[in-house]
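Where a number appears in this text, it was derived from the coordinates with a stated rule and is not lab data. Note that the coordinates shown come from a computational prediction; the quantities given were computed from them, not determined experimentally. With ideal geometry, Cβ positions are generated from the backbone for all residues, glycine too; neighbour counts draw on all protein chains shown.
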Amino acid sequence: LERDAPQASLVVGDQSFPIRPGDTLAACLMRAGRLAFRRTRRGEPRGVYCGIGICHDCLATVDGTPNVRACITTARPGMIVSFGDDER
Ligand code: FES
């Protein structure tokens with residue numbers, strides 16, 4: 001990615017999120033203001049908790065692969081990401 005290439009983006013649900021070089025998936029979403037990625041069965045919001053790949057609160061499905069940790073996964077243009085209920 002070029003440093004100032006705002007066209008690069010990934011998709012979560014029906015939303016597109018711009019990517020900057022070096023972004024993790026979580027950083028990309030958080031910079032856009034999305035702090036809660038999903039909800040638990042009890043309706044509690046979940047996003048980044050540890051930020052280092054340990055707690056698994058940030059699990060996503062990326063391009064059909066489940067259980068991807070958003071906090072340690074490098075964002076790539078064109079990624080299709082799902083968090084189950086796609087909390088907004
Ligand atoms: S926030 Fe803990 S594993 Fe991603």
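Taking ARG42, ARG31, ARG76 in turn, the Gaussian network model of the chain (Cα-Cα springs below 10 Å) assigns the largest fluctuation to ARG42. Overall, the chain carries a charge dipole of about 240 debye about its Cα centre when +1 sits on the Cβ of Lys and Arg and -1 on the Cβ of Asp and Glu, all other atoms neutral. Phi-derived couplings, Karplus 6.51 cos²θ - 1.76 cosθ + 1.60 at θ = phi - 60°, listed residue by residue for region 60-76: 9, 9, 10, 6, x, 8, x, 6, 8, 7, 5, 6, 10, 9, 5, 6, 10 Hz, with x used for Gly and Pro.
How large is log10 of I(q)/I(0) for the chain at q = 0.12, 0.14, 0.17, 0.25 Å⁻¹ when the intensity is taken from the Debye formula with one equal scatterer per alpha-carbon? Values returned for q = 0.12, 0.14, 0.17, 0.25 Å⁻¹ are -0.31, -0.42, -0.62, -1.34.
Largest mean-square fluctuation among THR24, THR73, THR65, in a Gaussian network model of the chain whose springs join Cα atoms under 10 Å apart, belongs to THR65.
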